[in-house]
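Down below is the structure, laid out as structure tokens.
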Amino acid sequence: MVDHTNTDILRSVQIEKVIVETPSIRTIIFEDKHSVASMPGQFLMVWIPQVEELPMSVGIKSLGSHKFGAVTVRKYGPGSTALYYKQGGERIGIRGPYGNYFSIPKNLRNALIIGGGTGLVPLVRLFGDLLHNHVNTTLIMGSRTRNEVLFEHKAQKILTDNNRNGNIAFSTDDGTYGFKGSTVDLAESILLSKRFEMLYTCGPELMMKGVQKLGERFSIPVEASLERYMKCAIGICGSCCINDRLVCQDGTIFDSNRLRQLTEFGVSYRDKSGRLSYYIPQS
Ligand SMILES: Cc1cc2nc3c(=O)[nH]c(=O)nc-3n(C[C@H](O)[C@H](O)[C@H](O)COP(=O)(O)OP(=O)(O)OC[C@H]3O[C@@H](n4cnc5c(N)ncnc54)[C@H](O)[C@@H]3O)c2cc1C
Ligand code: FES
């Protein structure tokens, strides 16, 4: 039977379960067939009643033999903190999934994924899809410190389930787990010893800008998932613009060719009111 659901209309869903991932990150699980049908890189608009509506990467979680939709939220400002403290049985609103998704080119033989913080939500899904497609994949998982490492067990299980046809490398800012330093520095050292055909990235914008530069230097195509302030997610309000593109409609995934045209990428962003702010350049 054809499904005529308009996924732009808010769906009220009951929270099935909440999983504590790290001291500041939780995964909220709910029944939603549209989330289950989503692709890595797509996002939902999540309405936290009486608080706010926020864009969140959409995940899939298996509980027993049943698949559920999921969002993984870092406790930060008022909206994300309210979502973080939601309990099983409470209701939230969702619409979407929205946006394009990471591509897996035909005949891709190997890939390097570089992710930080909740940017790992779509990337760990992508890791599974790449390995499933027999793409030898190295996943770099970056976090501030050891107890903030996100999805380590999930990623290890994906690796084991796929005959270990890949690698996982960790980096922490304080050196308490894996490489001490940034994911970009770790990626650079890996790229100096092995040739990759594709780089995928999601996380803080200056990290992704660093990955874009690595892509240019080593002549490797890049796909990056961009974040901008989002209100409507359906191309009306313009709050998510970067240069003349709308991240909610034209992205969130941009490839090397399109990134090159985005002169605001890694340079500036707009706040809730549309006012332009600038990133502090990193040396
Ligand atoms: C496509 C996309 C996917 C995202 N996926 C995740 C995810 O999986 N997990 C996660 O924890 N966070 C995710 N975020 C970030 C999330 O939407 C919020 O920005 C973040 O949770 C902070 O919101 P807040 O209201 O708690 O903080 P506030 O203190 O209100 O805002 C802090 C900063 O968050 C950003 N922000 C706030 N509201 C929005 C909004 N509506 N749209 C975009 N940015 C906003 C602004 O830069 C703001 O300066 C995603 C953002 C985008 C655009
Ligand atoms: S969020 Fe409104 S146009 Fe993209």
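The values are calculated or read from the model by the stated rules, or taken from the named source; none is laboratory data. These numbers come from a predicted model, not from an experiment. Backbone-built Cβ (ideal geometry, glycine too); neighbour counts: all protein chains shown.
Of the residues GLU216, GLU227, GLU223, which is modelled with pLDDT of 95 or more and touching a Lys or Arg at 6+ places or on another chain (Cβ under 9 Å)? Lay out the reasoning, then the answer.
Working: GLU227 fails: touching a Lys or Arg at 6+ places or on another chain (Cβ under 9 Å); GLU223 fails: touching a Lys or Arg at 6+ places or on another chain (Cβ under 9 Å).
The conditions single out GLU216.
Among the residues of the range 215-240, those identified as among the small types (Gly, Ala, Ser) and within 11 Å of ligand 2 (Cβ to nearest atom) are ALA233, GLY235, GLY238, SER239. Taken over the range 236-253, the criterion of being within 12 Å of ligand 1 (Cβ to nearest atom) and either β-branched (Val, Ile, Thr) or more than 24 Å from TYR200 (Cβ to Cβ) (or both) is satisfied by CYS237, SER239, ILE242, VAL247, THR252, ILE253. Using the structure shown, decide if LYS67 is in a strand (DSSP E or B) and either in contact with a Gly (Cβ under 6 Å, 6 or more places away or on another chain) or in the same structural domain as LEU130 (by TED's automatic domain parsing) (or both). Against the criterion (in a strand (DSSP E or B) and either in contact with a Gly (Cβ under 6 Å, 6 or more places away or on another chain) or in the same structural domain as LEU130 (by TED's automatic domain parsing) (or both)), LYS67 does not qualify. Of all residues in the range 200-223, those being within 17 Å of GLY142 (Cβ to Cβ) and free of Cβ contacts under 8 Å to residues at least 40 places away in the same chain number 3. With in a helix (DSSP H, G or I), within 16 Å of ligand 2 (Cβ to nearest atom), surrounded by 14 or more Cβ atoms within 10 Å (Cβ to Cβ) and not charged (D, E, K, R) as the only criterion, which of GLY79, GLY96 stands out? Exactly one residue qualifies, and that residue is GLY79. Does GLU52 fit the bill of being surrounded by 14 or more Cβ atoms within 10 Å (Cβ to Cβ), in contact with a Phe, Trp or Tyr (Cβ under 9 Å, 6 or more places away or on another chain) and without any contact (Cβ under 8 Å) to a residue 40 or more places away in the chain? Considered against the rule, which asks whether it is surrounded by 14 or more Cβ atoms within 10 Å (Cβ to Cβ), in contact with a Phe, Trp or Tyr (Cβ under 9 Å, 6 or more places away or on another chain) and without any contact (Cβ under 8 Å) to a residue 40 or more places away in the chain, GLU52 comes out as no.
Residues in the range 221-235 that are within 13 Å of ligand 1 (Cβ to nearest atom), among the aliphatic types (A, V, I, L, M) and part of a strand (DSSP E or B): ALA224 only.
Considering only the range 116-139, state which residues are of a type in the set (A, V, I, L, M) and more than 12 Å from ligand 1 (Cβ to nearest atom). Across the range 116-139, the qualifying residues are LEU126, LEU130, LEU131, VAL135, LEU139.
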